[in-house]
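Presented below is the structure to which this report refers.
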Amino acid sequence: MNAVKIAWRVTRLNFRSQLEYRTEFLLMVAIGAIWQVSVIVFATVLLTRFTGMGGWDSSDVLLIPATRMLAHGLFVLVLGRMHGIGRFIQEGQIDVYLLRPMPVHRQVQLQYFPTNAIGDLTVATGLMAGALSRSHLDWNAGRVTYLVVCLVGGMLLEAALFTAVASASLRFPTADYWSRWLEELLGTFGSYPLNVLPKAVGGFLTFGIPLAFVAYFPAAVLTGHGHDTGVPYWLAAASPLIGVLAYLASRLLWRWSLNHYTGVNG
Amino acid sequence: MIGSIEVRSLSRSFHTTVRRPGFTGALRSLVNPERAVKHAVSDISFDVAPGELLALLGPNGAGKSTTIKMLTGILTPTSGEARVAGVVPYEDRERNARNIGAVFGQRTQLWWDLPVRESFAILRDIYEVPGAEHAARLKEFDDILELSSFWDTRVRHLSLGQRVRCDLAAALLHDPPVVFLDEPTIGMDVVVKEQVREFLRHQVEQRGRTVLLTTHDMTEVERLAERVVLVNHGRLVLDGTLDEIRRKYGSTWQVRATLADAHTDVVPPPGITLLRQEGPQVVFGPDGPDAPTVHQALKAVIERYEVTGIAIDEADLEDVMRAAYVHAGPGAEGA
Amino acid sequence: MAVLHAWRAARVTPLGELHAPPRMTAVLVRLIVQVVLVASLWNGLYDRTTVSAGMSREQAVTYAVLAVLASRLRELDQYAGRDTVIQHMHFGTIVYWYLRPLSPARYHALRALGEQVYGAAWALAGYVVCLAAGVVQPPGSAAVGGVFVLSMLLGQLVLYHVMLLLDQMCFWTVRNSAAMLILIFAQNLMSGVYAPLWFFPAWFRTLSTFLPFQATLNVPLSLYVGRIELSDAPLQLAIQAGWVVLLHLFTRFLWRRAARRVISQGG
């Protein structure tokens, strides 16, 4: 309970400190507008140009980017500080956290308030609303529940990927570079039905970098394309569970890496 | 004038935003920020002669760094004037840059990702130093600072002491007549500190460079500086030799005595004060304007107490500076 | 002598990379994976379509793969060297830029030049491999190739100034990493790195014509694949050149303001 109280207080302080930097805050608001328009344009542009992509109805396809972005927005809001932490680690800041009587992971998450998550979530919610309103599916309680569970699973999976990279950052200075690439991959390839890609490439995005589990598989299961995703139906349907497991595994990896942390710059 | 520094009525104030407390306060500051003026440096004047090493002293936040920034041309003064080697630094920054070298504490100017020697080469070409001269100077620096054992290492892998030694060398590679050092030995171990001091002494005595140094390390001041300038709250408090500071703020002598009986009730003779007492060890110093000379004090102590050992000391400079900082103005801390 | 310091400053990035083999491996792996992914995506998208937005499958794949290669020109790990403006502001080392007899603007330009030439070596090697593997088509004619090279050079100049603007922002706001990510996204989106601009709605392309981003990549790549006819090339090149001049004047103004800001605040 005390941990929650501290987390809440620090978050409030963080939000206030965002207000302290006047230019920065106003700039963020202004740039947020450009960002929102761009993202919606990008997410919809290919879907409208290539109707029937991968044998999917375009209203169904829209569900993929909507799920992806909403899961991403949640990730940025709740666990997003794991992303881009590499530079922070390289500057030796983690040493300070190791001295305090609070788990390092929690301290990292409480570093600052993610103002940009507000923008991300706004766009994602709009996109999701658009996708649902165009959808011809029957959105009964079961479907809605599954969608919500999948969003949480997607958030955890993305968090797991970045936590793994962050763990690597504790040892390798180059890991930060991979984290930015990972974000780009998630953004660009997380939004299409992956069956348009050759089998090997699709396999890479399923088992190599498991971004298929974030939005593609859940959307396929929801829209009745669950049997032609290239993986067994049960595996596609178990996406949220994969997210949970991946996240737990990544936290174990983080803890292990932290125990083997030897510091930077000697 | 080559190598001289002239500072005349130099002042610098900053505008800052006042942060209102609380959540609504933060929101109000966002919409309608309230400005305040802070005088970092007010009306400072002093001179440094060519080939002289001057220590600029003062508590944290006294205005030392601001002064150095104005003299290096990074900061323009609000009023007053400064000349460094005949150039007004903030008006002719690039010309001034060729005349000066600077090290700002732990901030490195070396290229993080490259071996140190590459950084030296970049600086050599930026300052247009002839190759032979560069090599000779590097050898001279290496003799004292022992750089060659690590100058093929990338900067990111250097220890603090190694990096600051490299930074010192980097700042002097283009043979500047004037050198500014803002807390150069902060955080270094005693061996490296001694090496850096020797290097600086060599640069002043053999190469005739003018050095302006800020530091909190009084040993350094005693070993290096004949003259010091003391600032506090942005104002110049004293410009003189170490002895003058000692006379003004410190006791001129200390008598350390070991009492035969540790339980003696120590009531010092008139004009003498008890500075410290630890068991049988007691330290006396002069008290007030009518304090006795060190000989009279010695006699008085021996007459009054039964002592098994006695010695005379010069006052500790740290004590003197503490007295000076406190004397120089109220609320010296956090100014 | 000026040539010497130019050479020294320009080679900082390549030298830093050569001293860090893991980083070079990372660049290589990323380049290969990204090319394979992008090529398969566009081939997959064209499975049921022959021409979309006025582009054939070959044109679209060539455009997309070249965009990946070209975006490597300046997408190195810029932070590793601790020589970005934002890091210098953060560590307080920006003062040294103003303590040297080499202007910060010139130093910044030299560093970027070295970085872009180094990136160009990567891109060129990638291009040769892709051409040999048949992933990208050769240019339609020698004239198209020549115009492309010219346009690409202008595009890189525009790109340099756009990136410089992002860097210069750091003089006014240190905590802009999130804003920078968003602007980099905008640059990638509106220059055609994510998808050829021709696929975007008309209003979006109209908007793009008023922004410098499309001049960095979309124009040269469209010339290369023939989506912009050779006869339209002079106009497009002129627009690119216009952007270079405009951005150059603006960034020069900002450099002066930045210097004034540094010397009024002390870095």
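Given labels modelled 7 Å from the Cα in the Cβ direction, how far is it in nm from residue B:273 to residue B:37?
The answer from the label model is 3.8 nm.
Considering every residue in A:186-198, what mean count of other chain Cβ atoms within 10 Å of its Cβ is obtained?
Per residue, the average neighbour count from other chains is 3.
Report the full-extension gain for the segment residue B:302 to residue B:189: residue separation times 0.36 nm, less the Cα-Cα distance, to one decimal in nm.
Extra length available between residue B:302 and residue B:189 comes to 36.6 nm.
Ordered by residue, what ³J(HN,Hα) values in Hz, to whole numbers, does region B:57-63 give under the Karplus form 6.51 cos²θ - 1.76 cosθ + 1.60, where θ = phi - 60° and Gly and Pro are x?
10, x, x, 4, x, 7, x
So between residue B:263 and residue B:92, what do we pick up on full extension, going 0.36 nm a residue minus the alpha carbon distance? Write out the running numbers ahead of the final one.
Working: separation 171, 0.36 × 171 = 61.56 nm, distance 6.76 nm.
Stretched out fully, the residue B:263 to residue B:92 stretch lengthens by 54.8 nm.
So what's the convex hull volume per residue for the Cα atoms of chain C, in Å³?
So the per-residue hull volume is 143 Å³.
Name the residue from A:118, A:44, A:259 whose Cα lies farthest towards the positive end of the charge dipole of chain A, charges +1 on Cβ of Lys and Arg and -1 on Cβ of Asp and Glu.
The listed residue farthest towards the positive side: A:259.
At a Förster distance of 25 Å, what's the computed FRET efficiency of residue B:143 paired with residue B:223, Cβ-Cβ distance as r, to 0.05?
The computed FRET efficiency comes out at 0.80.
Looking only at other chains, what is the average number of their beta-carbon atoms within 10 angstrom of each beta-carbon in B:117-129?
5
Assign unit charges at the C-beta atoms only (+1 for Lys and Arg, -1 for Asp and Glu), then state the dipole size of region B:199-288 relative to its Cα centre in Debye, rounded to the nearest 20.
Value, rounded to 20: 440 debye.
On a 0 to 90° scale, report how tilted helix B:131-145 is relative to the longest principal axis of chain B, with both axes built from alpha carbons and the result rounded to the nearest 10.
20 degrees
For labels at residue A:145 and residue C:248 in the simple 7 Å Cα→Cβ model, what's the distance in nm?
The modelled label-to-label distance comes out at 6.6 nm.
If packing is taken as the mean number of other Cβ atoms within 10 Å per residue, what is the order of C:105-117, C:18-30, highest first?
Result, highest mean Cβ count within 10 Å first: C:105-117, C:18-30.
Under a Cβ-only charge scheme (Lys and Arg +1, Asp and Glu -1), can you give me the dipole magnitude of region B:63-177 about the Cα centre, in debye to the nearest 20?
With Lys and Arg at +1 and Asp and Glu at -1, about 400 debye.
How much length is gained on full extension from residue B:117 to residue B:247, taking 0.36 nm per residue of separation minus their Cα-Cα distance?
42.1 nm
Can you tell me the convex hull volume per residue for region C:200-255, based on C-alpha atoms, in Å³ to the nearest whole number? Walk me through the numbers on the way to the answer.
Details: hull volume 4.7 nm³, N = 56.
Each residue corresponds to 84 Å³ of Cα convex hull volume.
Among C:162, A:166, C:7, whose Cα projects farthest towards the positive end of the dipole of the protein assembly as shown, with charges put on the beta-carbon of Lys, Arg (+1) and Asp, Glu (-1)?
C:162
Given a Förster radius of 41 Å and the C-beta distance between residue A:248 and residue A:133 as r, what FRET efficiency does 1/(1 + (r/R0)^6) yield to the nearest 0.05?
0.70
Provide, for q = 0.05, 0.07, 0.09 Å⁻¹, the log10 of I(q)/I(0) from a solvent-free Debye sum over equal Cα point scatterers in the protein assembly as shown.
The calculated log intensity ratios at q = 0.05, 0.07, 0.09 Å⁻¹ are -0.37, -0.68, -1.02.
Scan chain A and note any complete DSSP helix (H) whose C-alpha atoms cover at least 18 Å along its axis and whose Kyte-Doolittle average is 1.0 or more. Before the final figure, lay out each step's value.
Numbers: long enough: A:2-20 (27 Å, -0.36); A:22-49 (41 Å, 1.51); A:63-78 (22 Å, 1.62); A:115-134 (30 Å, 0.68); A:141-169 (42 Å, 1.53); A:175-189 (21 Å, -0.27); A:239-259 (30 Å, 0.72).
Length and hydropathy pass: A:22-49, A:63-78, A:141-169.
Just to be sure I understand: if I project the alpha-carbon convex hull of region C:1-141 onto a plane and average over all orientations, what area do I get in nm²?
Result: 11.6 nm².
If I take R0 = 22 Å and measure r between the Cβ atoms of residue B:159 and residue A:91 in this structure, what FRET efficiency does the formula 1/(1 + (r/R0)^6) give, to the nearest 0.05?
Step by step, r from the Cβ atoms, then E = 0.85.
For A:44-50, what's the mean count of beta carbons from other chains sitting within 10 Å of each residue's beta carbon?
For peptide A:44-50, the averaged partner shielding equals 6.
Which residue, chosen from A:25, B:196, A:56, occupies the Cα position most advanced towards the positive end of the dipole of the protein assembly as shown, where the dipole is computed from +1 (Lys, Arg) and -1 (Asp, Glu) charges on Cβ about the Cα centre?
In the protein assembly as shown, that residue is A:56.
Suppose only helical runs count, i.e. DSSP H with n ≥ 4. What mean residue ellipticity at 222 nm does that imply for chain A under -39500 (n - 2.57) per run, divided by all residues and rounded to the nearest 500 deg cm²/dmol?
Roughly -22500 deg cm²/dmol at 222 nm, from the helical runs in chain A.
Please state the charge dipole magnitude for chain C, taken about the Cα centre, from unit charges on C-beta atoms (+1 on K and R, -1 on D and E), reported in debye and rounded to the nearest 20.
Computed charge dipole of chain C: roughly 880 debye.
Between residue A:8 and residue B:45, what is the label-to-label distance in nm when each label sits 7 Å out along the Cα-to-Cβ direction?
Going by the 7 Å Cα→Cβ label model, 6.2 nm.
With each run of n ≥ 4 DSSP H residues scored as -39500 (n - 2.57), what mean residue ellipticity at 222 nm is computed for chain B after dividing by its residue count and rounding to the nearest 500 deg cm²/dmol?
Value at 222 nm, helices only: -10500 deg cm²/dmol.
What helices does chain C hold that run 18 Å or longer along their axis, going by alpha-carbon atoms, with a Kyte-Doolittle average of -0.5 or more, using DSSP H for the helix calls?
Values: long enough: C:21-45 (36 Å, 1.29); C:57-71 (21 Å, 0.87); C:104-133 (43 Å, 0.66); C:142-169 (41 Å, 1.66); C:177-191 (21 Å, 1.59); C:233-265 (47 Å, 0.53).
Those that pass (Cα extent of 18 Å or more, hydropathy at least -0.5) are C:21-45, C:57-71, C:104-133, C:142-169, C:177-191, C:233-265.
Here, each number is a calculation from the coordinates, and none is a lab measurement. All values reported here derive from a predicted model rather than from experimental measurement. Don't worry about glycine lacking a Cβ; one is built from the backbone with ideal geometry, like all the others, and counts go over all protein chains shown.
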